[in-house]
Amino acid sequence: ALLMVPIFIIAFGIVHLGRKAAIALLIAVVVGSTLLWIASPYMRARISSISNEVHSYFSDCAPISSMGERLLFWHKSVDFIGAAPVLGHGTGTVHHLFTEYAKPRLYPADVNVHENIFRERGVLLPKNQKICLHDVGYAVGNPHQQILSVGIQAGLVGIALLLVLWFAHLRLFLPAMSAAGWLGFALVFQNIVTSLANSHLFDFTPGWIYVIG
């Protein structure tokens, strides 16, 4: 939501209001965001936590975090794509590749670890061991990034087809002058932006919303 709301407001201004109005709207978004930052302790804490989690991921033996997991998924996805860059590893291979990678290097047992959390998230963790986030493997089937998910399975050819598909769908609804046109544009645009941090075409609910829309 923090990502999508300002981007949607700016997109609406560009599509409907013209350059000057879009610039004015952008300034209003910046001012509004600043006021929200000042007034909302939750927003400050959430954004600060993302920054801290990214920093922790690149430190030595960082604790598990939501953003750290995503960075790990993306990092390994790029490695998987590099191993089969043109046509990929084949459809349905994401879970297999991540499971094969889920063989962590272990460190002395000098830190207590909540093993249930690791098990729930698919981490292969022997008892009484400390483990570093950048060394841990996850038996997951979703790298939480649409382009990377396609690239693992279908390579650069698949990524090119995905981008062509998105572009063709955007063209269906531009110029978005009618209510139906704006709704169609919003659905495609939302899918593209949110797929930067999720595999929404492959997720059940967002995927079907996209297809029906």
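The values are calculated or read from the model by the stated rules, or taken from the named source; none is laboratory data. This is a predicted model, so every value here is computed, not measured. For neighbour counting, all protein chains shown are included, and Cβ atoms are generated from backbone atoms with ideal geometry for every residue, glycine included. Quick note on the areas: whole protein, heavy atoms, side chains included, nothing else; ligands and nucleic acids left out. Shrake-Rupley method; radii C 1.70, N 1.55, O 1.52, S 1.80 Å.
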Mind ranking 71-83, 141-153 by how tightly packed they are, going by the mean number of other C-beta atoms within 10 angstrom, highest first? 141-153, 71-83
Can you sort Phe185, Phe12 by 1.4 Å-probe accessible area, starting with the largest? Phe12, Phe185
Per-residue SASA entry for Ser51, accessible area with 1.4 Å probe, Å² rounded to 10: 70 Å²
Tell me, what is the 1.4 Å probe accessible area of Leu172, in Å² to the nearest 10? 120 Å²
Not counting ligands, DNA or RNA, and with a 1.4 Å probe, what is Thr91's accessible surface area in Å² rounded to the nearest 10? 130 Å²
